[in-house]
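Undergrad: Got a structure for you, written out below as structure tokens; questions coming shortly.
Since every read-out is calculated from the coordinates, none of them should be taken as a lab result. Remember, predicted model here, so these are calculated numbers, not experimental data. Methodologically, a virtual Cβ is constructed for each residue, glycine included, from the backbone with ideal geometry; neighbour enumeration extends over all protein chains shown.
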Amino acid sequence: MDVCISHQTALSYLLRVPNLRQPGARQSRAAAIPERVPRSDVTRKLLDALVGCLPEGHGRLDVLVSSENGRYNTGSVRAHLCTTKLPAGSFIPTDAMGVEFHVCAPELVFLQMAGEVELDHLIYIGFALCSAFRLDSWEPGGCVHREGYDAPLTTVDRMRAYLERLPEGTRNRAVALRALQHVRAGARSPREAGIAMVIGLPLSLGGYSLGETSMNPEIRVYDGIDSRGEPRWVTRIPDILVVAHDRSGRERRVGVDFDAKSTHGDPVKVRKDVDRRNLLAPMATFTHFTLGSAQVKNYVAFCREIDRIRRALGQRQKPRLVGNADSERNRRLVATTRSRQFDLWNRVLGAECPQL
């Protein structure tokens with residue numbers, strides 16, 4: 001291969017184009033990483049070809065090289081050294097506007113980003129790589145649903161299998177595996193991913209630790225008796241399903257939807273999402289919440305909704321306090337937890353929400 005884009009450039013590209021790995025296609029066995037950064041004329045052509053797939057302000061290409069002597073940065077290239085023998089399928093051949101190049105596979109990009117960002121940001125990236133959406137700035141809400149041959153880029157299991165095939169001491173492998181424990185597949189928008197993270201991540205990472213989350217699962221729910229006296233079951237699909245056990249040990253389930261008008265802007269999709277919410281709402285054994293943009297973007301309103309979800313799940317307030325609630329230790333514990341929770345909300349839903 002002559003050029004191999006990696007890290008943030010590869011991430012941005014993969015999230016903005018249809019899945020390059022078509023179902024049934026044989027994976028590339030390309031393994032010979034270029035020794036040096038590409039020539040300046042090649043770099044210019046590739047930057048021009050990829051400009052629509054890079055986030056605003058990202059004016060340099062991240063490229064992979066195999067030789068320390070060939071690794072140097074320029075105004076348009078940021079070079080990364082890789083001397084590790086990587087598994088088959090680590091690179092995908094493709095082209096843009098007639099310029100041929102290789103791009104690091106989603107599983108390798110996840111490992112690369114483990115050395116570039118904080119753990120919560122890496123989890124957010126994992127959600128995006130395993131998601132059912134593709135970023136598109138021309139679409140309402142900034143993303144479209146992957147359908148047909150445009151399948152999700154990868155899965156949690158596939159990323160874990162890739163990471164476990166790497167040598168034990170591979171740089172950032174342990175961090176990537178730790179982050180992967182918290183990644184859930186199937187988000188249909190970045191907002192859904194952010195909400196699921198805040199709901200499900202442990203307190204130590206800034207989440208509310210309300211229960212086990214899953215994205216857009218099909219759930220089978222009892223819907224009464226039909227005309228013949230037989231039990232009737234229906235399938236429902238909330239954006240986020242939260243499952244937890246209350247203080248008596250009984251399982252409780254809460255469905256959370258994000259307002260379709262601000263994310264799935266297509267009128268047909270809006271109507272379908274409204275229909276889904278109306279079907280979910282009357283279930284006696286299933287509590288359902290819908291969060292709109294105003295509730296998600298306003299931290300006070302968001303905390304109020306999170307507390308309602310907590311009560312619907314029968315969960316105690318966290319962190320658990322020992323002894324006098326007003327003791328210095330407990331006040332410090334609560335302050336630290338709330339600060340982490342605000343920081344996570346701000347990083348995945350608020351003003352500091354990262355570009356993908």
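Undergrad: Please rank His102, His145, fewest neighbouring Cβ atoms within 10 Å first, as an exposure proxy.
TA: Result, fewest neighbours first: His145, His102.
Undergrad: Mean-square fluctuation check for the chain, GNM, Cα pairs under 10 Å: which of His80, His121, His245 is largest?
TA: Sorting by GNM fluctuation, first place goes to His245.
Undergrad: For the charge dipole of the stretch 10-104, defined by +1 on Lys and Arg C-beta atoms and -1 on Asp and Glu C-beta atoms about the Cα centroid, which residue among Pro87, Ala32, Leu15 has the Cα displaced farthest towards the positive pole?
TA: Toward the positive end, the furthest listed residue is Pro87.
Undergrad: Treat the count of other C-beta atoms within 10 Å as a stand-in for reagent exposure and order Met97, Met113 from fewest to most. Walk me through the intermediate numbers first.
TA: Working: Met97 11, Met113 23.
By the 10 Å Cβ count, ascending, the order reads Met97, Met113.
Undergrad: Would you compute, from DSSP H runs of 4+ residues alone, the mean residue ellipticity of the chain at 222 nm, taking -39500 (n - 2.57) per run and dividing by the full residue count, rounded to the nearest 500?
TA: Mean residue ellipticity, 222 nm, calculated: -10500 deg cm²/dmol.
Undergrad: Once you place label points 7 Å from the Cα toward the Cβ at Glu168 and Ser40, how far apart are they in nm?
TA: 4.8
Undergrad: Would you report the distance distribution of C-alpha pairs in the chain as whole percents per 10 angstrom bin, up to the bin with the largest distance?
TA: 5, 22, 29, 23, 14, 6, 1, 0
Undergrad: Going Cα to Cα from Lys45, which aspartates and glutamates come in below 16 Å? Please leave out same-chain ones fewer than 8 positions away.
TA: Asp2, Asp62, Asp95, Glu100
Undergrad: Also, quick follow-up: Between Arg320 and Glu116, take the C-beta separation as r, use R0 = 41 Å, and let me know the FRET efficiency to the nearest 0.05.
TA: Numbers: r = 35 Å, r/R0 = 0.85.
About 0.75, to the nearest 0.05.
Undergrad: To continue, here is another question. Only Cα pairs under 8 Å and at least 6 apart count here; give the relative contact order of the stretch 81-228 as a rounded whole percent.
TA: For the stretch 81-228, the relative contact order is 22 percent.
Undergrad: Please work out the C-alpha center-to-center distance from the stretch 115-143 to the stretch 319-356 and express it in whole Å.
TA: 24
Undergrad: Still on this model: Using alpha-carbon positions, what is the distance between the centroids of the stretch 228-243 and the stretch 37-66, in Å?
TA: Taking the Cα centre of each part, the stretch 228-243 and the stretch 37-66 sit 48 Å apart.
Undergrad: Of the beta bridges DSSP finds with both residues in the chain, what % are antiparallel, to the nearest 5?
TA: Bridges in the chain are about 70 percent antiparallel.
Undergrad: Shape call for the stretch 123-218 from the C-alpha gyration tensor, a ≥ b ≥ c root eigenvalues: rounded (a/c under 1.5), prolate (a/b greater than b/c) or oblate?
TA: oblate
Undergrad: So how do Trp345, Trp233 line up by other beta-carbon neighbours within 10 Å, fewest first?
TA: Trp233, Trp345
Undergrad: If a/c stays under 1.5 just call it rounded; otherwise compare a/b with b/c (prolate if a/b is bigger, oblate if not). Do that for the stretch 4-180, with a ≥ b ≥ c from the square roots of the Cα gyration tensor eigenvalues.
TA: Rounded shape, in that the Cα axes give a/c under 1.5.
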